[in-house]
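First up is the structure itself, then whatever we jot down about it.
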Amino acid sequence: MKIGKKLKDLRLAEGLTQEELSKKLNIKRVNYTRYETDAVRPDYETLIKLADFYDVSLDEIFDRE
C-alpha cells in the first residue's frame, strides 16, 4: 500500500515544506522524504503523529473509506 502521495498532498495543503513538517513532528527530513516517495513505510507511532497533526483518521491517510 502506497501512502506517499497522500502524505505529500496533506503537507502541501498545509503549505509546509518537508523540512518544516519534519521539525514539527521531530523526525528527520530524510526519513520523511522516504515516506513521501514510498521508499520506506512510516512506523505506527509516526503514522499516529501524522494523523494527529493533520487531524485526520488513519483510514484517510491510507485512502480507505
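The values are calculated or read from the model by the stated rules, or taken from the named source; none is laboratory data. Computed from a predicted structure; not experimentally measured. Cβ atoms come from the backbone with ideal geometry, glycine included; neighbour counts cover every protein chain shown. The accessibility values were calculated without ligands, DNA or RNA, using every heavy atom of the protein model including side chains. Shrake-Rupley method; radii C 1.70, N 1.55, O 1.52, S 1.80 Å.
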- request: Could you please find all residues in the range 14-35 being among the basic types (Lys, Arg) and closer than 20 Å to Phe62 by Cβ?
  value: Arg34
task: Report, by residue number, each residue of the range 6-37 that is farther than 17 Å from Ile48 by Cβ, touching a residue at least 24 places away in the same chain (Cβ under 8 Å) and not β-branched (Val, Ile, Thr).
output: Lys8, Glu14, Glu36
query: Can you name every residue in the range 38-65 that is in a loop (DSSP other than H, G, I, E, B) and open to solvent by 70 Å² or more (accessible area, probe 1.4 Å)?
result: Ala39, Arg41, Asp43, Asp55, Asp63, Arg64, Glu65
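Tell me which residues, restricted to the range 1-37, are of a type in the set (Lys, Arg) and either assigned to a helix (DSSP H, G or I) or surrounded by 17 or more Cβ atoms within 10 Å (Cβ to Cβ) (or both). Lay out the reasoning, then the answer.
Filtering the range 1-37 for residues of a type in the set (Lys, Arg) gives 2, 5-6, 8, 11, 23-24, 28-29, 34.
Within the range 1-37, Lys5, Lys6, Lys8, Arg11, Lys23, Lys24, Arg29, Arg34 qualify.
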message: So the check is Cβ under 8 Å with 6+ separation or different chains; which pairs have a first residue in the range 38-53 that's of a type in the set (Ser, Thr, Tyr) and a second one that's open to solvent by less than 70 Å² (accessible area, probe 1.4 Å) and not in a loop (DSSP other than H, G, I, E, B)?
response: Thr46/Leu25; Thr46/Tyr35
